[in-house]
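Chemist: My structure is below; once you've seen it, I'll send some questions.
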Amino acid sequence: MAKNSPSPSPSSSPSPPTAHKIPLLTPISFWFKTKLTKLKDKINMRKSITDEQAPAFQFYASDWISDPNRLKLSLEEQGAYILLFCHAWRGFHIPFDNETIAKMCGCRLQKIEKILPKIKHLFEEVKGKDNKKYLICIQAEAERKEQIKNRKKKVVAGKLGAKIRWGEESLGEEK
């Protein structure tokens, strides 16, 4: 045999026939089409309550440092309260479960079991539709109601301003 000719080795098997390759764009196209469909569905659906609420709340330093309820709290208790306030703002309520609350506050269960009785008066305990207990932050709900009231005032003022500037037609109202 010549040195240049390859000899078939017993370990090498013949290469399999080339399978039909799917074009590279197919997975991307599928992904894009799926995302587009989900986006269209989202646009056509009514927003949930959590999507419609304001992402932020007013925080007044003078109120925070002068509130008699918080003057009695230790630094740890204040930190736990503000974290739970934020969670309650985003989710409207907090599961009344010490383990979950400890995770929300980033502390050990033993620590939250000491802190929670000292800040619980700042929350209202309610029973959900699922018969589980939840905490609602009293101050967060007061702030939420104030924001809703202010938003309604601005809508009325905006409509009145449009009516004055452009007349009844601008509001889609018939004379």
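FYI, it's all coordinate maths here, none of it is from the lab. Model, not experiment: these values are computed from the prediction. Note that each Cβ is placed from the backbone with ideal geometry, even for glycine, and that neighbours are counted across all protein chains shown.
Chemist: Please enumerate the residues belonging to region 71-94 that are free of Cβ contacts under 8 Å to residues at least 40 places away in the same chain and within 24 Å of Asn131 (Cα to Cα).
Modeler: Of everything in region 71-94, those that are free of Cβ contacts under 8 Å to residues at least 40 places away in the same chain and within 24 Å of Asn131 (Cα to Cα) turn out to be Cys86, His87.
Chemist: Is it the case that some residue within region 119-133 is closer than 18 Å to Gln78 by Cβ and among the small types (Gly, Ala, Ser)? Spell out the reasoning first.
Modeler: Filtering region 119-133 down to residues closer than 18 Å to Gln78 by Cβ leaves 119-123.
Next, only the ones that are among the small types (Gly, Ala, Ser) stay: none.
Among the residues of region 119-133, not one is closer than 18 Å to Gln78 by Cβ and among the small types (Gly, Ala, Ser), which makes the answer no.
Chemist: Of (1) surrounded by 12 or more Cβ atoms within 10 Å (Cβ to Cβ); (2) free of Cβ contacts under 8 Å to residues at least 12 places away in the same chain; (3) among the charged types (D, E, K, R), Glu113 satisfies all except one. Which?
Modeler: The single condition Glu113 does not satisfy is (2).
Chemist: Can you tell which of Lys163, Lys132, Lys159 is basic (Lys, Arg), over 17 Å from Phe57 (Cα atoms) and within 24 Å of the chain's Cα centre (by Cα)?
Modeler: Exactly one of Lys163, Lys132, Lys159 is basic (Lys, Arg), over 17 Å from Phe57 (Cα atoms) and within 24 Å of the chain's Cα centre (by Cα), namely Lys132.
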